[in-house]
Amino acid sequence: MKPLRQQNTRPVISYVPRVEPAPPDHASKVDGYRDVWLLRGKYVAFVLMGNRFQRSQAFSVPESAQRWAAQMRQEGEVEE
């Protein structure tokens, strides 16, 4: 018969998740727009609301993404 393995010998690693969604590393910032990033050929806006990012849906033009970001700031009353 095999001896029982010790299960509790490994240290517990605490997992701290990232605040999502945040602009990913492979996204590129669009010049001339404050909150717009180019992600997989589409324009996406990321707005920091409190301590979390809010991500827009994918837009085909950067003006729409920036307009969404401005609306989210106005609704959330986020300081500039």
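The values are calculated or read from the model by the stated rules, or taken from the named source; none is laboratory data. Just so it is clear, the model here is predicted, and its values are computed rather than measured. In this analysis, Cβ positions are derived from the backbone assuming ideal geometry, glycine residues included, and neighbour counts consider all displayed protein chains. SASA here: full protein model, heavy atoms, side chains in, ligands and nucleic acids out. Shrake-Rupley method; radii C 1.70, N 1.55, O 1.52, S 1.80 Å.
Numbers at a glance
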quantity	calculated
Those residues of segment 32-63 which are open to solvent by 40 Å² or more (accessible area, probe 1.4 Å), part of a strand (DSSP E or B) and farther than 16 Å from GLU75 by Cβ, in sequence order	TRP37, LEU38, LYS42, TYR43
Close pairs from segment 50-65: first among the charged types (D, E, K, R), partner in a loop (DSSP other than H, G, I, E, B) and open to solvent by less than 60 Å² (accessible area, probe 1.4 Å), Cβ under 6 Å, at least 6 apart	ARG55/PRO21
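A quick yes/no check of all residues on (1) more than 13 Å from the chain's Cα centre (by Cα); (2) under 20 Å from ALA27 (Cβ atoms):
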position: LYS42; (1), (2): yes, yes
position: PHE46; (1), (2): no, yes
position: MET49; (1), (2): no, yes
position: GLN54; (1), (2): no, yes
position: PHE59; (1), (2): yes, yes
position: ARG67; (1), (2): yes, yes
position: GLN74; (1), (2): yes, no
